[in-house]
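**Q** Handing you this structure, nothing more for now.
Read-outs throughout are calculated quantities, based only on the coordinates presented, and are distinct from any laboratory measurement. The structure displayed is predicted, hence computed values, not measured ones. Because the Cβ atoms are built from the backbone with ideal geometry, glycine has one as well, and the counts that use them run over all protein chains shown.
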Amino acid sequence: MHRTSLIGFFLFWVSFASAQRVQPAPFNPSNEKVGIMRSSVKAINDRINRVLAREKLPYNPTLNDFLFARRVYVDLTGTIPTYEQLVHFANDKRPSKRTYLINKLLASEGYVSHTFNYFADLLRIQTKMTGGESASERFSGWLKDSIHQDKPYNRLVFEMISSSGSIRENPATGYHLRDKDMKLDHVAFMTKVFLAKDIACAQCHDHPSDDWTQKQYYSFASYLGELEIGQGQDLAKDKDRKMIFAEKRKIFHHPRFSSAVRSKYGRTGNTAGKVSEFHRDFKKLAEGKTLAVFDDDGSNLPLPDDYQYDDAEPGDLVKPAFIVGRPLGGPRNVPLREQLAFWLANPQNGWFSLAIANRMWARYLGRGVAEPLHNVELEKASDPILLKTLSEVMVALEFDLRAFSWVVLHSKAYNRMGSRVQLEERKPYHFPGPLLRRMSAEQIWDSLVTLMVADPLRYRQPAPPSLLEVRDGWSALEFIENVEQGKYRLVDSRNGEEILIDGNDESSSYGNQRVSISSGTGKKKNNLILARASELPQPAPSGHLLRKFGQSERLFVVGASNRVGSVPQLMELMNGFPTEVLTSRDSLLFRKVRSVSDPRKQAEVVFLSILNRLPNKEEQELLLAQTGSSEEDLSDLIWALLNTPEFFFIK
């Protein structure tokens with residue numbers, strides 16, 4: 001039996017109402033929140049100061065403006081700064097220019113793009129889900145919109161866990177659709193990501209090295225026991241959704257809808273048939289004959305047939321129980337899944353706040369206070385007090401990830417040079433600075449795109465329309481045209497023109513953002529779209545630069561992506577399309593360099609553009625002795641800097 005609650009319906013409505021893509025919210029926290037942010041920076045600094053003094057360790061050297069700008073651009077927007085952005089920052093004389101830059105980047109489209117990449121990895125988002133049965137563009141669009149709106153992290157998680165309906169109605173259901181027919185694995189992924197607990201081994205037997213038992217695993221999994229993903233929901237028993245579909249049905253059967261179809265498809269000569277086809281599509285959706293997430297109180301998760309312990313029998317149903325922490329109250333007359341969502345994302349759930357605070361710290365410092373991130377043991381954390389402080393900051397800021405990022409980026413530890421050390425996972429690190437980090441595949445790709453084109457975010461995946469946005473014939477037509485799943489689309493943000501559908505060109509207006517590259521045989525030419533990683537298929541196709549540089553296949557949470565160098569990566573940079581494009585006399589970078597006549601200044605433009613710093617004295621002397629201002633010399637310099645290890649690392 002399908003069940004819904006007022007909470008579920010409220011979230012259903014919010015998910016739809018937020019589906020319209022908007023500009024990122026300005027980063028303008030209240031005075032009260034600013035006070036919390038500043039006191040949080042002090043608390044973090046005080047704790048690290050105390051530990052470093054105890055260990056008789058100094059902070060690493062302070063970052064200069066060039067290194068700071070590169071780091072903060074890469075960390076917040078996922079790409080190195082442009083030459084113009086870097087020069088503007090370096091010439092800024094305001095004492096608070098670093099804070100100003102952080103505030104600006106936190107409110108940028110680049111922040112949304114890069115943060116989406118982070119969560120796409122964590123949530124294992126794939127463009128094609130459930131064996132190709134459905135697609136994730138609505139879920140991805142919803143996630144990007146949530147980041148645009150600065151939606152609190154705990155609310156975002158609550159909406160995902162408690163979501164019901166089809167992905168067309170409620171995009172947050174994409175979270176559950178990702179693991180269709182994998183309910184027990186879904187539970188294991190959930191605890192790793194949201195609770196920093198790896199209980200996967202207990203799915204099949206008592207954990208060999210931890211306290212988790214198989215019965216405990218099934219007790220926690222019972223909160224998802226009623227979760228079903230399938231077709232044939234009984235809409236008649238769901239009065240809220242039935243009311244919505246009845247209201248929208250009037251629009252689809254209004255003459256204005258037929259008029260909109262005739263306006264667009266009149267040249268085909270069969271508009272009546274097209275109208276009938278769209279009516280059938282809407283009817284199927286209204287009757288629940290599409291893949292959807294719902295709760296069935298007749299479903300459950302009994303202990304497996306091979307259960308072998310004395311505390312229960314195979315096939316027994318176990319009482320739902322939380323795997324860590326304690327019950328936190330909440331509604332009891334709602335589906336078990338909503339009870340789980342309430343407990344999981346509750347500010348009083350210390351494991352939830354600890355997990356995301358530790359992950360965000362590791363995102364910017366290169367290492368969590370406790371490692372591994374997916375299985376935290378408090379007694380083994382390098383500094384349990386610092387971990388507790390970060391968790392309390394996350395709660396005090398009401399899970400505002402932008403505000404939390406602001407706090408971390410203002411800490412003394414973040415503003416120091418990276419430590420060039422290799423640490424074992426359990427070895428303590430006291431944060432005299434971040435660890436030296438190599439850029440992720442997405443950061444490398446987006447940085448190359450930034451060097452190649454003037455508008456890296458020109459091509460975007462459109463936010464699919466939602467049912468609640470249907471207000472007239474044209475919006476009804478737009479919605480029903482997008483009901484068919486599985487279509488990957490790109491739109492030119494300058495004119496709204498659809499340019500790509502499932503890899504098929506829809507327009508010739510790519511301008512300088514479509515690159516023709518040779519296949520492995522050297523005969524066939526393929527078009528490569530220079531769009532940000534967040535707008536490309538998730539993950540990118542096999543053979544794409546993103547995949548060569550370690551992009552996750554989105555199958556696992558742990559060790560899914562890698563930042564290890566390889567021969568194919570070297571070959572890609574030495575002879576691949578990035579160098580071919582950037583060393584071309586028509587490239588954006590080349591044109592910037594050629595606009596300067598002085599060879600010394602030309603070298604500065606190349607250094608500032610690629611490595612985001614000025615050449616040192618030794619490099620200047622070498623350049624003057626070895627190169628001139630010829631196009632070949634400039635191409636060689638660009639090639640050389642792209643192939644230095646320095647380009648890939650965040651110092």
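**Q** Would you kindly derive the ³J(HN,Hα) couplings of region 119-128 from the backbone phi angles with the Karplus curve 6.51 cos²θ - 1.76 cosθ + 1.60 (θ = phi - 60°), listing them in order in whole Hz, with x for Gly and Pro?
**A** Per-residue couplings from phi come out as 6, 4, 5, 5, 9, 6, 6, 10, 4, 9 Hz.
**Q** Could you list which residues have their amide H under 5 Å from that of Ser419, counting only those 5 or more apart in sequence or on another chain, with H placed in the peptide plane?
**A** Placed amide hydrogens put Leu435, Leu436 under 5 Å from Ser419.
**Q** What's the center-to-center distance, using Cα atoms, between region 244-264 and region 374-402 in Å?
**A** If you average the Cα positions of each part, the centres end up 51 Å apart.
**Q** Just tell me which aspartates and glutamates come within less than 19 Å, Cα to Cα, of Lys93; anything on the same chain fewer than 8 places away is out.
**A** Asp65, Glu84
**Q** May I ask you to list the lysines whose Cα is less than 28 Å away from that of Lys380, ignoring any residue fewer than eight positions away on the same chain?
**A** Lys42, Lys56, Lys192, Lys197, Lys215, Lys388, Lys412, Lys427, Lys651
**Q** Using amide H atoms built in the peptide plane, which far-off residues or other-chain residues are under 5 Å from Ile499 H to H?
**A** Leu490, Val491, Asp492
**Q** Ordered by packing density, taken as the mean number of other Cβ atoms within 10 Å over each peptide's residues, highest first, how do 412-418, 216-222 rank?
**A** Values: 412-418: 19.9, 216-222: 22.6.
Going from most to least packed, we get 216-222, 412-418.
**Q** How do 443-452, 60-69 rank on mean C-beta neighbours within 10 Å, highest first?
**A** 443-452, 60-69
**Q** Check which residues have an amide H placed less than 5 Å from Trp212's amide H, if you skip close sequence neighbours.
**A** Counting only residues 5 or more places away or on other chains, the set is His207.
**Q** What lysines does Lys283 reach when the alpha-carbon gap must be under 26 Å and sequence neighbours fewer than 8 apart in one chain are set aside?
**A** Lys128, Lys180, Lys237, Lys239, Lys242, Lys248, Lys250, Lys264, Lys274, Lys487
**Q** Can you bin every Cα-Cα distance in region 198-299 into 10 Å intervals starting at zero and give me the percent of pairs per bin, rounded to whole numbers?
**A** 13, 26, 20, 16, 12, 10, 4
**Q** Let me ask something additional. On alpha carbon coordinates alone, what is the Rg over Rh value for region 24-82, Rh being the Kirkwood radius?
**A** 1.08
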